[in-house]
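*Asks:* This is the structure I want to talk about, given as structure tokens.
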Amino acid sequence: MISVTGMIKAFNKGDVNEVTALSGVDLEVADGDFITIIGSNGAGKSTFLNALAGMFPIDAGRVVLDGTDITRWPEYKRAALIGRVFQDPLLGTCAGATIEQNLAMANKRGLKRGLGKGVRTRDREFFREKLAVLGLGLEDRLKTHTGLLSGGQRQALTMLMATLVRPKLLLLDEHTAALDPKTGAMVLDLTDEIVGTEKLTTLMVTHNMKEAIAMGNRLIMFHRGRIVLDIKSEEKKNLRVEDLLQRFADLRGGDGVVSDRMLLG
Amino acid sequence: MTFYAFFGAVEQGFAYGLMVIGVYLTFRILDFPDLTVDGSLPLGASVSAVAITSGHSPLVSIFMAGGAGFLAGMITGILNTKFKILHLLASILSMIALYSINLRIMGRPNMALLGQETVVDRFREWTGMLPQHSTPLLFAVICFAVVAVLIWFLHTEQGLAFLATGDNMQMITSQGVNTDNVIIFGVGLSNALVAASGALVAQNQGAADVNMGVGTIVAGLASVIIGETVFGDKTVSRALVAALLGSVLYRIAIALALGMKLGSFSITPSDLNLITAVLVVVALVMPRIKRKFLAGRAVQ
């Protein structure tokens, strides 16, 4: 389904501040995989997701999605295949546009935009149905500007927008980290529901080990720009936080891979 | 203020109305401060003047001016998106280049349209009204027609992408829109309107001048800000109409200022740029001061 081979990315090349964010990442993702990604700060998790989304060109490697080599595709073109939810709740929706306008824009993801009406009457019923699933009462506020919504509401809306047109790949980059715990849990439940019912191929970065273990069918860990741990299906089901900590310690010789935030999250 | 002066101010307001709408598109919608307009206004005037004197219809010359303005704006957009030059600098470069281009187009610093028939004359003959009534009416009709088309456009699928590009570029990119193209088209559209406005102004005052664009951006900003302060900007449609009416209010304010006398001191037309600049500064700073004031009160 998705195959990443030899992905390398360095920032500030040739500068004293040169940082190798990704130093050779290989990953094969099967159709319908829900992979959680953990790793300490600067391990390369977010860079990996951004590279998949095409936010910058990579220095080396290949990205093949569903048989198509998209390594050189710009970000807007990949958006036709990829849905995204960002850590910052403000990034996913357009504050000056109404809820229905945002959904209408998302409903055209990867499709040709013409001079037809932006929000069609028949779409409104569809939007209301979809919004009702969120359980936030947004279905009655189609004309509300999203700038007036809370961070949690905006993030839930972004989640819906990212999946309104079925993406071949869903990228979630710590999408609950900026929310309070209760709202975060709500968005996480929503994630589980949408990804589960639609059987979406998903990569989710999280700082929370419990989340990483509880969700998805596969868990990978980044360290210094590489994938150092890959735990699948059966093994993942029986995984406990303590096991994970032990694996980290074994792998890295206890050089501070695990941050307090990962334990406490 | 006499009625005659009032109609004159309204006429000016609508003559520059398309320019103000163009500035609104870049400044408020695309969040792209565009100084190209100081060059594209005289560009439109030059193109129109040359077209008319070489025998083209005055109406067609307005569209030719718009086309030239569109190209000028596109170049600014390309400099910004493809060559990664800061928007402000990209637009200054276009503006400076246009000064030379405008001189080339006319072959001299200014060009009179004396004895040439313009859209203003044609409309007056057609309606049989007094010139001080027919001219503002003509310009108002043109401006409202353009506003109506823009309101329609901004509610289409493309229009929503246009709005979102200025609001949240990351969001609309992740929805599959190539924002580079939107910016290039948007800045082009804006400058097409500004150049069309330049053509109207030239036909109205009977001459094109290479220096007539100085201060266009500041006058445009002042009009946009006055419009949204007085008429509100809750929806895009409302903000567009507000910008247009802001242009009229701005010209009326200037007419009033010119009529003012404080003892032996009176304001002359040469003071207008200073007054406009101060007006824009005040309008830009006011919201900040207001917030501070309100925040201070909340603490107490």
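*Asks:* Quick check on the protein assembly as shown: helices-only [θ] at 222 nm, where DSSP H runs of length 4 and up contribute -39,500 (n - 2.57) each and the sum goes over total residues. Nearest 500, please.
*Replies:* Values: 23 runs with 321 residues, N = 565.
Calculated at 222 nm, the ellipticity per residue is -18500 deg cm²/dmol.
*Asks:* Further question on the same structure: Let's see if you can work this out: charge +1 on each Lys and Arg Cβ, -1 on each Asp and Glu Cβ, no other charges. What is the dipole magnitude of the range B:208-300 about its Cα centre, in debye to the nearest 20?
*Replies:* Details: 9 positive and 4 negative charges, 113 e Å.
So the dipole magnitude of the range B:208-300 works out to roughly 540 debye.
*Asks:* Which FRET efficiency, nearest 0.05, do B:Ile289 and B:Leu262 yield, Cβ-Cβ r, R0 22 Å? Walk me through the numbers before you get to the answer.
*Replies:* Values: r = 26 Å, r/R0 = 1.19.
With a Förster radius of 22 Å, E is 0.25.
*Asks:* Calculated FRET efficiency, A:Leu148 and B:Val141, Cβ-Cβ r, R0 30 Å, to nearest 0.05? Write out the running numbers ahead of the final one.
*Replies:* Numbers: r = 37 Å, r/R0 = 1.23.
Once rounded, the FRET efficiency stands at 0.20.
*Asks:* Something else: For chain B, modelled as a Gaussian network with Cα springs under 10 Å, which listed residue fluctuates most, B:Ile225, B:Ile267, B:Ile289?
*Replies:* B:Ile289
*Asks:* Still on this model: I want the antiparallel fraction of DSSP beta bridges within the protein assembly as shown, as a percent rounded to 5.
*Replies:* Of all bridge pairs located within the protein assembly as shown, approximately 65 percent are antiparallel.
*Asks:* Straight-line reach only, C-alpha to C-alpha below 12 angstrom: list the aspartates and glutamates that A:Lys199 could link to, leaving out same-chain residues fewer than 8 apart.
*Replies:* Cross-link targets: A:Asp31, A:Asp33.
*Asks:* While we're here: Give me the dipole magnitude in Debye, nearest 20, for chain B about the Cα centre, with unit charges on the beta carbon: positive for Lys and Arg, negative for Asp and Glu. All intermediate terms of the calculation are to be shown ahead of the outcome.
*Replies:* Values: 16 positive and 14 negative charges, 148 e Å.
Dipole of chain B, to the nearest 20 debye: 720 debye.
*Asks:* Would you calculate the separation in nanometres between label points at B:His133 and A:Glu235, each defined as 7 Å from the Cα along the Cα-to-beta-carbon direction?
*Replies:* 8.9
*Asks:* Kyte-Doolittle cut-off 1.6, length cut-off 30 Å along the helix's own axis using Cα: show which whole DSSP H helices in chain B pass. Walk me through the numbers before you get to the answer.
*Replies:* Numbers: long enough: B:58-81 (34 Å, 1.44); B:131-153 (33 Å, 1.79); B:179-205 (39 Å, 0.91); B:236-259 (34 Å, 1.77); B:272-299 (40 Å, 1.34).
Flagged H segments are B:131-153, B:236-259.
*Asks:* For the range B:1-57 and the range B:121-191, write down the distance between their C-alpha centroids in whole Å.
*Replies:* Using only Cα atoms, the two centres lie 13 Å from each other.
*Asks:* Pairs of alpha-carbon atoms within less than 8 angstrom and 6+ residues apart define the contacts here; what relative contact order does chain A have, in percent? Don't skip to the answer; put the middle values down first.
*Replies:* Details: 478 pairs, mean separation 68.9, N = 265.
Averaging sequence separation for qualifying contacts and normalising by length gives 26 percent for chain A.
*Asks:* Across all directions of projection, what mean area in square nanometres is found for the Cα convex hull of the range B:1-158?
*Replies:* 11.3
*Asks:* Give the relative contact order (percent, whole number) for chain B; include only Cα pairs under 8 Å separated by 6+ residues. Walk me through the numbers before you get to the answer.
*Replies:* Working: 504 pairs, mean separation 103.2, N = 300.
34 percent.
*Asks:* Under a plain spin-label model, where a point goes 7 Å from the Cα along Cα-to-Cβ, how far apart in nm are A:Asp192 and A:Arg124?
*Replies:* Simple spin-label model gives 3.6 nm for this pair.
*Asks:* Place a +1 charge on the Cβ of each Lys and Arg in chain A and a -1 charge on the Cβ of each Asp and Glu, then give the dipole magnitude about the Cα centre in debye, rounded to the nearest 20. Write out the running numbers ahead of the final one.
*Replies:* Values: 36 positive and 33 negative charges, 212 e Å.
Its charge dipole is roughly 1020 debye.
*Asks:* How high is the FRET efficiency from B:Glu125 to B:Tyr99, r the C-beta distance, R0 25 Å, rounded to 0.05? It would help to have the intermediate numbers written out before the result.
*Replies:* Working: r = 35 Å, r/R0 = 1.42.
Result of the calculation: an efficiency of 0.10.
*Asks:* From the Cα gyration tensor of chain B, with a ≥ b ≥ c the square roots of its eigenvalues, which class applies: rounded if a/c is under 1.5, or else prolate if a/b is larger than b/c, or else oblate? Could the numbers behind the result be given before it?
*Replies:* Working: a/c = 1.59, a/b = 1.14, b/c = 1.39.
Oblate, since a/c reaches 1.5 and b/c is not below a/b.
*Asks:* Spin-label point model (7 Å from Cα, Cβ direction): what's the B:Leu89 to B:Phe3 distance in nm?
*Replies:* So the two model labels end up 5.5 nm from each other.
*Asks:* Another one. Connecting C-alpha atoms closer than 10 Å in a GNM of chain A, tell me which of A:Glu139, A:Glu28, A:Glu100 has the biggest fluctuation.
*Replies:* It is A:Glu28.
*Asks:* Report the residue, chosen from B:Phe83, B:Phe185, B:Phe162, that carries the largest GNM mean-square fluctuation when chain B is represented by alpha-carbon nodes joined by springs under 10 Å.
*Replies:* B:Phe83
*Asks:* Right, another one. Within the range A:125-158, which residues have the backbone N less than 16 Å from the label spot 7 Å out from A:Ala178 along Cα→beta-carbon, could you tell me?
*Replies:* What the label zone holds, given the 16 Å backbone N cut-off, is A:146-158.
*Asks:* If you don't mind, another one. For the range B:242-288, state which trypsin sites (Lys or Arg not before Pro) are in a DSSP loop and have at most 16 other beta carbons lying within 10 Å of their beta carbon.
*Replies:* Values: sites: B:Arg251, B:Lys261, B:Arg288; in loops: none.
Within the range B:242-288, no trypsin sites (Lys or Arg not before Pro) qualify (loop, at most 16 other Cβ atoms within 10 Å).
*Asks:* Averaging over all projection directions, find the projected area of the Cα convex hull of the range A:36-83 and quote it in nm² with one decimal place. Kindly include the intermediate steps, with their values, before the conclusion.
*Replies:* Details: hull surface 15.6 nm².
Answer in nm², one decimal: 3.9.
*Asks:* While we're on this one: Rounded, prolate or oblate for the range B:236-300? Axes are the square roots of the Cα gyration tensor eigenvalues, ordered a ≥ b ≥ c, and the cut-off for rounded is a/c under 1.5. All intermediate terms of the calculation are to be shown ahead of the outcome.
*Replies:* On the way: a/c = 3.10, a/b = 1.44, b/c = 2.15.
Cα axes put the range B:236-300 in the oblate bin.
*Asks:* Kindly identify the protein assembly as shown as rounded, prolate or oblate by the Cα gyration tensor criterion: order the square roots of the eigenvalues as a ≥ b ≥ c, call it rounded if a/c is under 1.5, otherwise compare a/b with b/c, prolate if a/b is larger, else oblate. Please report the intermediate quantities before stating the final value.
*Replies:* Working: a/c = 2.47, a/b = 2.25, b/c = 1.10.
Verdict is prolate for the protein assembly as shown.
*Asks:* Can you tell which of A:Asn50, A:Ser23, A:Ala104 lies farthest toward the positive end of the dipole of the range A:2-264, using +1 and -1 charges on the Cβ of basic and acidic side chains (Lys, Arg; Asp, Glu)?
*Replies:* Going by the Cα projections, it comes out as A:Ala104.
*Asks:* Another question about this same structure. Set Lys and Arg Cβ to +1 and Asp and Glu Cβ to -1, take the dipole of the range B:1-126 about its Cα centre, and tell me which of B:Thr81, B:Pro33, B:Trp126 lies farthest positive.
*Replies:* The listed residue farthest towards the positive side: B:Thr81.
Readers should treat all values here as calculations from the given coordinates under stated rules, not as data from a laboratory. Keep in mind it's a predicted model, so treat the numbers as computed, not measured. Cβ coordinates were reconstructed from backbone atoms using ideal geometry, including for glycine residues, and neighbour counts include every protein chain displayed.
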